[in-house]
Amino acid sequence: MADVAMSGPAALSGRKLWNGARGIFAAVLLSLLFIQPDSARADEDAFAGLATTQFNTIASSVDQIAQQGGPRALPVLRALADKKLFAASEGDALFIRKGDSWEDARSGVPATPDETTLRPVRVNNRVRLAVAAAEAELELVSGTPAERQASATVFYQRHDPAMLPAIDKALSKTDDATLKDTLLNARAAALLSPGAPASDAQAQQQAVAKLRAAGGLDARGILAQASTEETLDPATRKAAEEAVSSIDFELRLWGFGQDAFYGMSLGSVLLLAAMGLAITFGVMGVINMAHGELMMIGAYTTWLTQKAVLSVAPALGSFSLVLAIPAAFLVCGALGIVIERGLIRFLYGRPLETLLATWGLSLILQQVIRSLFGPTNVAVTTPPWLSGSFHLGGIEVTIDRLAIMIFAVVVMAGLTLVLRRTPLGLQMRAVTQNRRMAALMGIRTARVDALTFGLGSGIAGLAGVAVSQIDNVSPNLGQSYIIDSFLVVVFGGVGNLWGTLAAAATLGIGGKALEPLVGAVSGKILLLVLVILYIQRHPRGMFPLRGRGVES
Amino acid sequence: MNASLSFRGASVTAVIVVLLTGVLAVGSLLPASSPVQVSPFIMTLAGKYLAYAMLALAVDLVWGFAGILTLGHAAFFALGGYAMGMYLVREIGARGVYGNADLPDFMVFLSWKSLPWYWWGSDHFPVALALMLVVPAALAGLFGWLAFRSRVSGVYLSIITQALTYALMLAFFQNGFGFGGNNGLTDFKDILGFDLHSSYTRAGMLFISGLILAGALLAGRYVVGGRFGSLLIAVRDAESRTRFLGYRPEQMKLLVWVFSAIIAAIGGALYVIQVGIINPGEFAPANSIEAVIWVAVGGRGTLSGAVIGAILVNLGKTLFTAWLPEMWLYGLGALFMATTLFLPQGLMGLMRHIPKKRPSEVTPEVTSPEGEEA
């Protein structure tokens, strides 16, 4: 860490200090400082300037500290930025406040100054800017790897030719490939910026090539500026112009990728919302208008689980979402079974009547939730492990949306397995295809009906867990998904999970693709109209069921 | 025989509607001191109920007789309302907030310079009437032609009608669409020179609404009462069989669909005149579904039932939301469930049981189309 270029006795002593017995050497250092003649101290003790009340002196002192480096430079500058650096009213002693105690700024040893004589070192914007630049410069050589990388990025973004020496210094010291690359970009950017030292055309064009390879908005900005920079070689300017258009093309491609990602994440929400319907509507022929409310109840279950976990075991708070998944499935599944036994079973064979009855049910469920938890949104927090994002090339991938996509795929896979590989799935298909014969074979059809509806409802609950992470959780949550969900099921082809998948993906990506062309709302309208028209041509959706069993 | 019963019912209902609105209209003109004076509040409510009754009648024509469960009929209602609203907004003229004689207030507010082309002529009442009838009819015609020709039916049709009204709602919510965006059209002053706030105009409008509703009942009775009605019921109960007999179900459906859209649109126009506002919320899919439940409560397949259902449910809504606002959604929800579970023929079906008709004689009229088609 202390492996840095240093100059002057103070810095040398400082390095020893850093490595070993602090107390003794601090004493030596202090005595050294005191016996030095004043003129020499002004040159070598860059900290002295901080003890003045002149902003200009403080700022130039900051620059000096940054140039000299040394182990005390960063702590002092940070203390200055945090307003924790204090100067004695007499002399130039400096102290850093550490909570209730103090340490000497120059040496870092604990000190007990007379607090009544201390005044904070003043900071204005100029000083603040100087501190930021100095910190970047210092971190570049002495920070942790992450700090170095961040500083290098700061250099790149500021691309101030005055920083070229610092960049070169850092380049000579680093072996880290990523850091080196960022530094080279910063170097190229600085070379192309106004005020750069004169360089030959070849070096300039190499710089252009480097930035072109780097890509991104920053590089585009620097290159666009360079293409109009009179002091640069004409060939360089032309190359910069070409590089700008090539970066623009790249950016547009990444933009498509970004839209596709958002579209797929939107599609996976639709898929989750529609999968339960694909069971209740597609398999059972029940139009469950309360499906959205089951999602809403799933979201509220997530919220309640979170509250319960926080009150019982606050340490596990960030994992309440994991617990909410089975909880929501069970709550909504059980509710679904109750609904089937209490309402739906009287209405089999009359799909339009199920529509009306479940619409009534949805109104009641909304009002129940409103009466219990109030009409406003409840706050479901996103756990830390789901927040944030990372870059995949030029695509920003937000982790919560990625998680929902994975979740949708897992639920879909699970559902397919249940339908294909379990006795319940077998019985469900048997009852769907020929209820009487299934009953004669000993299948308890009523029980299968209830379980099937419970399964569809449970999946609605799972969708609710997912939606709670990206949408407002309020009693109206269900309403905003019900029309889309039905469209997905009908568009995909009733009774076909793969159709549901395809329809959800098409609607999600289609919506995102139309958005930049015609705007969000018009895109949605256009999509609705397109689906309506599509259904005219293909009344049974994209993947219609075929065969004798299908009603005309 | 059931048919004849319900059709006689239709003319009885028509007469009752005209008499009632007449009484209300006269009552509203009495001096405020009179104990039987009808307040403007009640007049507005009555006007609203009549407009909703028109919508219910329209839904009943397609759902009760042709078996098309529409979840988007409020779209035609709202389109008719907007056509009338356009005329009423232009009637305000220079009396608006911004005092602009050529542009409605909201366009001035959005700094539009001239009227969009689709507003041309909207200041003439005949043009407004034509718009009110032609636009919903054209949309219904196009939609129905596409849907019925490609035999989209049952649930699929229901869901795309819902998507249709949803799309229209999104469109009308946009400021750029040119119909006042979120706020819709309001602040109307007068119609054909009559002050909309005067009690005489209100009384007249209510009576005219009553006459129009009665006329719609009789027209509906004429359309579905004769041979065409029997064929419609045949289509509803067994579409394939009717087709195999050589009829063209899609044409009959289209005809009754467009007719019904026009009735709904007239209802929307009456609504706007008497309630004084139209906004994109009228396109909300929930409104269409509520209209279906009015019909279900009153009695699907009986014209009077639709009118009675609409008035009773809305009366209930008015009372409930005034007394126990929390309870209204419970009440409406329970009504939906109870009607489908226990009253598949609605209140009219209940009434029919009183003269000791055996259920078997009644059932054919309410058999759902899906059951018989397979």
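The values are calculated or read from the model by the stated rules, or taken from the named source; none is laboratory data. Source: prediction; values computed, not measured. Cβ sites come from the backbone with ideal geometry, for glycine too, and all protein chains shown count toward neighbours. Only protein heavy atoms, including side chains, enter the accessible area calculation; ligands, DNA and RNA are left aside. Shrake-Rupley method; radii C 1.70, N 1.55, O 1.52, S 1.80 Å.
Let's see how each residue does on (1) within 14 Å of another protein chain (Cβ to nearest Cβ); (2) among the polar types (S, T, N, Q); (3) more than 18 Å from residue A:528 (Cβ to Cβ); (4) assigned to a strand (DSSP E or B):
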{"residue": "B:90", "(1), (2), (3), (4)": "no, no, yes, no"}
{"residue": "B:112", "(1), (2), (3), (4)": "no, no, yes, no"}
{"residue": "B:115", "(1), (2), (3), (4)": "no, no, yes, no"}
{"residue": "B:148", "(1), (2), (3), (4)": "yes, no, yes, no"}
{"residue": "B:171", "(1), (2), (3), (4)": "yes, no, no, no"}
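The residues listed here are A:361, A:386, A:402, A:392; of these, the one that is more than 16 Å from residue A:463 (Cβ to Cβ), surrounded by 15 or more Cβ atoms within 10 Å (Cβ to Cβ) and modelled with pLDDT under 90 is A:386.
Of the residues A:317, A:292, which is of a type outside the set (Ser, Thr, Tyr) and either on the phi > 0 side of the Ramachandran plot or modelled with pLDDT under 90 (or both)? Residue meeting the stated conditions: A:317.
Which of (1) open to solvent by 70 Å² or more (accessible area, probe 1.4 Å); (2) under 18 Å from residue A:151 (Cβ atoms) does residue A:198 not meet, given it meets every other one? Failed condition: (2). May I ask you to verify whether residue B:13 is open to solvent by 10 Å² or more (accessible area, probe 1.4 Å), in contact (Cβ under 8 Å) with a residue 40 or more places away in the chain and among the hydroxyl-bearing types (Ser, Thr, Tyr)? Answer is yes for this residue. Scanning region A:449-493 for residues that are of a type in the set (A, V, I, L, M, F, W, C), outside any helix (DSSP H, G or I) and open to solvent by 20 Å² or more (accessible area, probe 1.4 Å) gives a single hit, A:470. Please pick out the residue among B:85, B:141 that is touching a residue at least 24 places away in the same chain (Cβ under 8 Å), buried (at least 22 other Cβ atoms within 10 Å of the Cβ) and not hydrophobic (A, V, I, L, M, F, W, C). Selected residue: B:85, the only one of B:85, B:141 that is touching a residue at least 24 places away in the same chain (Cβ under 8 Å), buried (at least 22 other Cβ atoms within 10 Å of the Cβ) and not hydrophobic (A, V, I, L, M, F, W, C).
Table: residues versus (1) buried (at least 24 other Cβ atoms within 10 Å of the Cβ); (2) out of contact with any Pro (no Cβ under 9 Å at 6 or more places or on another chain); (3) within 13 Å of chain A (Cβ to nearest Cβ).
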site	(1), (2), (3)
B:289	yes, yes, yes
B:292	yes, yes, yes
B:298	yes, yes, no
B:303	yes, yes, no
B:312	no, yes, no
B:316	no, yes, no
B:321	no, yes, yes
B:325	no, yes, yes
B:337	no, yes, yes
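Select from region A:313-354 the residues that are facing another protein chain (nearest Cβ under 7 Å) and in a helix (DSSP H, G or I) and write down the one among them that is surrounded by the fewest Cβ atoms within 10 Å (Cβ to Cβ).
A:346
State yes or no: is residue A:285 within 29 Å of residue A:446 (Cβ to Cβ), within 14 Å of chain B (Cβ to nearest Cβ), in contact (Cβ under 8 Å) with a residue 40 or more places away in the chain and not in a helix (DSSP H, G or I)?
On the way: within 29 Å of residue A:446 (Cβ to Cβ): yes; within 14 Å of chain B (Cβ to nearest Cβ): yes; in contact (Cβ under 8 Å) with a residue 40 or more places away in the chain: yes; not in a helix (DSSP H, G or I): yes.
So residue A:285 passes the test.
Can you find a residue that is open to solvent by 60 Å² or more (accessible area, probe 1.4 Å), out of contact with any Leu (no Cβ under 8 Å at 6 or more places or on another chain) and either under 24 Å from residue B:207 (Cβ atoms) or touching a residue at least 24 places away in the same chain (Cβ under 8 Å) (or both) anywhere in region B:101-122? Yes, there is a match, as at least one residue in region B:101-122 is open to solvent by 60 Å² or more (accessible area, probe 1.4 Å), out of contact with any Leu (no Cβ under 8 Å at 6 or more places or on another chain) and either under 24 Å from residue B:207 (Cβ atoms) or touching a residue at least 24 places away in the same chain (Cβ under 8 Å) (or both). In this structure, does residue A:513 turn out to be modelled with pLDDT under 90, open to solvent by 20 Å² or more (accessible area, probe 1.4 Å) and in contact with a Gly (Cβ under 7 Å, 6 or more places away or on another chain)? Taking the combined requirement at face value, the residue satisfies it. Scanning region B:217-268 for residues that are free of Cβ contacts under 8 Å to residues at least 60 places away in the same chain and not in a helix (DSSP H, G or I) turns up B:226, B:245, B:246, B:247, B:248.
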